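So the structure is just underneath, and the comments pick up after that.
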Amino acid sequence: MSEETSLFHQRLEKLARLRELGADPYAIERFESTESAKELLDNYVEDKPVSFAGRIVAVRVMGKAMFAHLSDGETKIQLYIRKDDVGETAWEVAQLLDIGDHLGVEGKLFITKTGEKSIYVSTLTPLSKAFHNLPFGKEKDGERWYGLSDNEVRFRHRHLDLICNPDSRKLLLDRMRIVAAVRRFLDSRGYLEVETPLLQLEAGGAAARPFLTHYNAYDLEVKLRISLELYLKRIICGDVPKVYELGRVFRNEGVSNRHNPEFTLLEFYEAYSNLEDIMRLVEEMFRYVALEVFGSTKVVAGEVEIDFGPDWQRLDLLGTIAERASIPVESLSDLTTLKSALGGETVVNPKNGKRVDLQKEDHLGGLIEKLLEVFVEEDLIQPTFLIGYPLETSPLAKKDPNRPGFTRRFEGYIRGKEVCNAFSEINDPIDQRERFQDQLAQRAAGDDEAHPMDEDFLYALECGMPPTGGCGIGIDRMAMMLTGAETVRQVLLFPMMKPESGDSDEEDQP
RNA sequence: GAGACGAUAGCUCAGUCGGUAGAGCAACGCCCUUUUAAGGCGUGGGUCCUGGGUUCGAGCCCCAGUCGUCUCACCA
């Protein structure tokens, strides 16, 4: 019999014996702790009667007495159980406990010979049985031994990671607190949280391939949303002036350190506002969230300290590219001029080795964004807004009246990565229809991520949308920036994983 | 999608030149009534990722595959 199988049987027998002793853990419905473990330790009063429930994370049996540590997930507190004090039955119950079980105790606070604040236990109430060995490490003075380090197991069985790895636990819970703080911020500013369809006939609002699914009742192919944008603007058209949605979107793309096929997107829209207002709101939001979750506007992310206190640096996109790529800014006005200014067939940034293949670039906007990626992005460490994006790659952003071919759009960058994308929204329905038609032309030319036509959205615009500022923030990215996480998987409870067996329906049947 | 690296006990890992599969923790038994990486004595536990191949003999060498990690590519 394997170790695991025999362990399972041993634990079943212990459970049966607990039931014989009248200590069936699964018969208990609730158990009230007087305080959390941290509060018990912080507010220590000698001999104070207490009750406390948690998971057994360590046991040391000393003949007719035992010590154990009980954790409420955040903090652990030591138990001291003496046979003479709890009696025969409770002592036998104690012997049937295992690391991993949940247990409730009553007793009083005391300090052991070695100076540890502990609970002197008088009664024991088992609350669950662990049927598997839990990979708790050992620790002393902050040093840790053993434990769970296999990333694959940590991602697939996240509960083990949450139990065993405090760092991982903190990161994930901080992410949840960030999400909660974002909602509080927007709610306090008078924004209304709305919910829009995940199942859509045409997935619009971004350039990405959607997931497809089938709706049986209407025998209809539907798509999972890739963005929130168009529905939210239809609500603005309904004269609800400040709306946001914070929810999951799905993009049928590969997995990487910074990409998961489903991710959490925040979009907010404010009528009668423009991108300047949005920039101020983004600054305030990051400042607020950093303070709420971490108590400081300065967060340490990897090697650098990011400060969300001051206003973000504001840079003109074209000017910055011209400067970093050492080309005249006028050359960024059309494709041929720009290509000749760059010279050659490929342009290499000697600083990082990244390159642009000029032959692959067939419109100005695409090339400008490529240059941004190669020459600018990675140097934008402290929070920075890049302002003024090309028309071709911004089909939903209002034209800049002072700069033909460009839009009133900005992106925010932190630690070299894009964290938000915002603009003064197009509210001219004629302009928007033309942009969609351009996108259709790009689609016809083979770009399967070009934006589809959306007549319902256009109808809403034709009925009138006030001037509006809007913004999208990748919440997973935001969480990475604020927590210092290096990969998106660290801030996702359950990142996308291939099936372990590997025998999914991969084979293409002829 | 490409390359590099990895997969051995529940966990963390070692495994020499190709020659009977190892340690610590966890588990089980005994001792131990203030320990804390408790300690002492003893016991059990393996699809060495999967499938082929080479060989008298494969955890180790070869081929194919699976999953993962990292880097790159893709991804506004």
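The values are calculated or read from the model by the stated rules, or taken from the named source; none is laboratory data. Given the structure is predicted, the values throughout are model-derived calculations rather than measurements. A quick note on method: Cβ atoms are made from the backbone with ideal geometry, for glycine too, and the neighbour counts reach across all protein chains shown. Protein only, heavy atoms only, side chains kept; ligands, DNA and RNA dropped before computing areas. Shrake-Rupley method; radii C 1.70, N 1.55, O 1.52, S 1.80 Å.
List of remarks:
- Gap separating the Cα centres of segment A:61-103 and segment A:486-500, nearest whole Å: 36
- The protection proxy used here, the mean number of other Cβ atoms lying within 10 Å of each residue, ranks peptides A:15-26, A:157-168 as follows, highest first: A:157-168, A:15-26.
- Chain A - percent of accessible surface contributed by carbon and sulfur, probe 1.4 Å: 50
- Binning the alpha carbon pair distances of segment A:3-134 at 5 angstrom intervals from zero yields the distribution 2, 11, 22, 24, 21, 12, 6, 2, 0, expressed in whole percent.
- Amide H to amide H distances under 5 Å link residue A:468 with A:272, A:273, A:425, where only residues 5 or more positions off or on other chains count and H is placed in the peptide plane.
- Projecting label points 7 angstrom from Cα along Cα→Cβ for residue A:297 and residue A:373 puts them 3.4 nm apart.
- Using θ = phi - 60° in the Karplus curve 6.51 cos²θ - 1.76 cosθ + 1.60, the 3J(HN,Hα) couplings for segment A:38-52 round to 5, 5, 4, 6, 5, 9, 4, 10, 3, 6, 5, x, 9, 10, 7 Hz; x is entered for Gly and Pro.
- Entries of A:38/A:129; A:242/A:399; A:242/A:354 with Cα pairs more than 29 Å apart: A:242/A:354
- Accessible surface of residue A:357 - all protein chains present, 1.4 Å probe, nearest 10 Å²: 50
- Karplus-derived HN-Hα couplings along segment A:189-199 (A = 6.51, B = -1.76, C = 1.60, θ = phi - 60°), whole Hz, x at Gly and Pro: 8, x, 7, 9, 7, 10, 10, 10, x, 7, 8
- Projecting the alpha carbon convex hull of chain A along each direction and taking the average yields 32.2 nm².
- Taken as Cα centroids, segment A:393-437 and segment A:310-370 sit 18 Å apart, rounded to the nearest whole angstrom.
- Taking all Cα pairs closer than 8 Å and separated by 6 or more residues, the relative contact order of chain A comes to 12 percent.
- Distant-in-sequence amide H partners of residue A:305 (H built 1.01 Å from N, under 5 Å): none
- Mean Kyte hydropathy of -1.0 or more with a Cα span along the axis of at least 24 Å, helices from DSSP in chain A: A:166-188, A:275-294
- A:57, A:243, reordered so the largest accessible area comes first (probe 1.4 Å): A:57, A:243
- Report note on the peptides A:492-500, A:458-466: ranked by the mean count of other C-beta atoms within 10 Å, highest first, their order is A:458-466, A:492-500.
- Karplus 3J(HN,Hα) series, Hz, for segment A:219-228 with 6.51 cos²θ - 1.76 cosθ + 1.60 (x for Gly, Pro): 6, 10, 7, 10, 10, 7, 4, 10, 6, 10
- Solvent exposure of chain A, expressed per residue, is 50 Å² of accessible area, with all protein chains present and a 1.4 angstrom probe.
- Here the sum of -39500 (n - 2.57) over DSSP H runs of 4 or more residues, divided by the residues of chain A, equals -9500 deg cm²/dmol at 222 nm, to the nearest 500.
- Here residue A:140 sits with roughly 130 square angstrom of accessible surface, probe radius 1.4 Å.
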